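S.K.: Quick one: structure below, then a few questions.
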Amino acid sequence: MVTEIAKYRQEKKRIQDKLMKYPNVLQVSIGTKEVGGKDTGEPCFSVLVKKKVRKNKLDPNDIIPSEIDGFKTDIVPVETEVGYRGTTTFVILTSFVLMILLSIIF
């Protein structure tokens, strides 16, 4: 029997290719969905974006779906304030490393 997380792993490349086409997307990884700052424990594709933007401010074609091909998504903002040179790069790289580690664990 294939576990739910194994299904996400099997489809990661295909789904990642679709999600990376949206503007503002930095990375796609496998994680668990958060709602209101609380982890639901539900597997999802975590979509790291430069900045989370309200849906009403986006073109309808630029809205990342909450589900894609039956797989849940979770939008994770990687917002930074550049206080000194390199801060943005450091924060983004740190986020990528954490997301990769989560992908390996799950």
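The values are calculated or read from the model by the stated rules, or taken from the named source; none is laboratory data. All figures in this text were calculated on a predicted structure; none of them were measured in a lab. For neighbour counting, all protein chains shown are included, and Cβ atoms are generated from backbone atoms with ideal geometry for every residue, glycine included.
S.K.: Can you tell me which residue among ILE75, ILE68, ILE63 is among the β-branched types (Val, Ile, Thr) and over 19 Å from MET99 (Cβ atoms)?
M.R.: None of the other options fit; the residue is ILE63.
S.K.: List every residue pair whose Cβ atoms sit under 7 Å apart, with the two residues 6 or more apart in sequence or on different chains, where the first one lies in region 31-49 and is closer than 19 Å to ASP17 by Cβ and aliphatic (A, V, I, L, M) and the second, anywhere, is modelled with pLDDT of 95 or more and in a loop (DSSP other than H, G, I, E, B).
M.R.: VAL47/ILE64
S.K.: When region 9-39 is examined, which residues are found to be closer than 19 Å to ILE104 by Cα and hydroxyl-bearing (Ser, Thr, Tyr)?
M.R.: Scanning region 9-39 gives SER29, THR32.
S.K.: Looking at region 92-106, I want the residues that are assigned to a helix (DSSP H, G or I) and have a partner that is at pLDDT 70 or above and basic (Lys, Arg) with Cβ atoms under 9 Å, at least 6 apart or on another chain. Which pairs are those?
M.R.: Matching pairs, first to second residue: ILE92/LYS50; SER103/ARG9; SER103/LYS12.
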